[in-house]
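One structure below.
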């Protein structure tokens, strides 16, 4: 077979677009999935990862099923007890490496701590391939600690937006005529580049073997989808952004002010969903070495998470983590207070809050603390799985995808929906 010069695919007006590696280059190509989205009522998905975990004895409740006794961390959520399910025992098979597992929280990709690790697509980006074109923003990747939860099909992290002020401007501020013209020109330039790439691929298609030809066809399908996305982006530039009864926010400069930072980001998430600016959001929560500005906390958060069963450290850690849960309860209540047709905004939004760490003190990645909230599910229970032989966490993601009216029964290591999390009828 003739050698393939990749540079023939890369040069277009000074902007590079990567071609998938082909067998002719002795690297296996990636498979694309470009099935169309499903129409229906408006469904949404929110994924939140708390990177330093939760102290298990204060998170997991006593008892199973509907009669569980709320733990200290679940107490702030009890007014909405019938709107969430707490889940114990789950993990991602073969996902280890302590903090490194954060990269795999929404992907399930194995062994994230090993050299040469290649991530896979995250559940939000998988969903975006089906429903992302319905909104101005196919998805939003947000973060309070700089780590992304969202990964492309090629295993590339999507940069997070950490500044609520910039997010607000992106969602709701129209910008000047000159700024809109510049944005439109960038989109049109992108369309021109796509045309050139398609022309270039025709000249080498005859040099490819059967398998490489199939891989190239998949790549061209991806390019066509990108073209469609650019056309959609051009249309959105011409459409007015939604208006909200809120002044542009000011970012919280004090990183120790956990309460204000999380409240502001949750406010932006609420507004993004309420205005249907997007239907898919991921959030990497707070958690770093600094001392959180809460009464009774005198040590760094990360150090407290490695408490080694020290009672004083656990007491301070619990102050922080209970505040996290209180703020999450506030977000749930705001979503539940908004009626959308016959349901609330919370009913239409499937939420997973959890962590890649089951025991942060020992960097253990099993028995993950997970809450499934909202969405069209029967809630109000504690689903307690055997941590020695649990279903994969990705089964929960399959349930979420089906909530979005996406007809799939597998995602990553998930081979079906999560047992016990039954969908509501009607």
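Elements of the type strands (runs of 3 or more DSSP E) sitting completely within segment 279-396 and holding at least 1 residues that are within 30 Å of residue 134 (Cβ to Cβ) and either within 17 Å of the chain's Cα centre (by Cα) or modelled with pLDDT under 95 (or both): these cover 280-284, 349-354, 370-374.
Restricting attention to segment 341-368, the residues being out of contact with any strand residue (DSSP E or B) (no Cβ under 7 Å at 6 or more places or on another chain) and closer than 17 Å to residue 280 by Cβ number 1.
Among the residues of segment 52-85, those identified as in contact (Cβ under 8 Å) with a residue 40 or more places away in the chain, closer than 18 Å to residue 319 by Cβ and part of a loop (DSSP other than H, G, I, E, B) are 52, 53, 54, 55, 72, 73, 74. Taking the conditions exactly as written (surrounded by fewer than 24 Cβ atoms within 10 Å (Cβ to Cβ) and farther than 21 Å from residue 286 by Cβ), does residue 79 satisfy them or not? Yes, satisfied.
Taking the conditions exactly as written (more than 24 Å from residue 281 (Cβ to Cβ), in contact with a helix residue (DSSP H, G or I) (Cβ under 7 Å, 6 or more places away or on another chain), at pLDDT 50 or above and surrounded by 13 or more Cβ atoms within 10 Å (Cβ to Cβ)), does residue 72 satisfy them or not? Lay out the reasoning, then the answer.
Values: more than 24 Å from residue 281 (Cβ to Cβ): yes; in contact with a helix residue (DSSP H, G or I) (Cβ under 7 Å, 6 or more places away or on another chain): yes; at pLDDT 50 or above: yes; surrounded by 13 or more Cβ atoms within 10 Å (Cβ to Cβ): yes.
Spelling it out, residue 72 is indeed more than 24 Å from residue 281 (Cβ to Cβ), in contact with a helix residue (DSSP H, G or I) (Cβ under 7 Å, 6 or more places away or on another chain), at pLDDT 50 or above and surrounded by 13 or more Cβ atoms within 10 Å (Cβ to Cβ).
Here segment 378-389 is the region considered, the condition is being touching a residue at least 40 places away in the same chain (Cβ under 8 Å) and out of contact with any strand residue (DSSP E or B) (no Cβ under 6 Å at 6 or more places or on another chain), and the residue that is surrounded by the most Cβ atoms within 10 Å (Cβ to Cβ) is 385. Within the set 299, 276, the sole residue that is at positive phi and in contact with a strand residue (DSSP E or B) (Cβ under 9 Å, 6 or more places away or on another chain) turns out to be 276. Could you tell me which residue of segment 159-169 is surrounded by the most Cβ atoms within 10 Å (Cβ to Cβ), considering only residues that are out of contact with any helix residue (DSSP H, G or I) (no Cβ under 7 Å at 6 or more places or on another chain) and touching a residue at least 24 places away in the same chain (Cβ under 8 Å)? So the residue we want is 160. The residues listed here are 357, 327, 368; of these, the one that is under 30 Å from residue 299 (Cβ atoms) and in contact with a helix residue (DSSP H, G or I) (Cβ under 6 Å, 6 or more places away or on another chain) is 327. Criterion applied to 127, 109 was being modelled with pLDDT of 95 or more and either touching a helix residue (DSSP H, G or I) at 6+ places or on another chain (Cβ under 6 Å) or not in a loop (DSSP other than H, G, I, E, B) (or both), and the one residue passing it is 127.
Does segment 400-410 hold any residues that are in a helix (DSSP H, G or I) and in contact (Cβ under 8 Å) with a residue 24 or more places away in the chain, and which are they? Those that are in a helix (DSSP H, G or I) and in contact (Cβ under 8 Å) with a residue 24 or more places away in the chain: 400, 401, 403.
Can you say whether residue 416 is in a loop (DSSP other than H, G, I, E, B) and under 20 Å from residue 107 (Cα atoms), as far as the supplied structure shows? In short, yes. May I ask you to verify whether residue 201 is at pLDDT 65 or above and not assigned by TED's automatic domain parsing to the domain that holds residue 137? So residue 201 passes the test.
The values are calculated or read from the model by the stated rules, or taken from the named source; none is laboratory data. Since the model is a prediction, treat every value here as computed from it, not as a measurement. Every residue, glycine among them, receives a Cβ derived from its backbone with ideal geometry; neighbour counts consider all protein chains shown.
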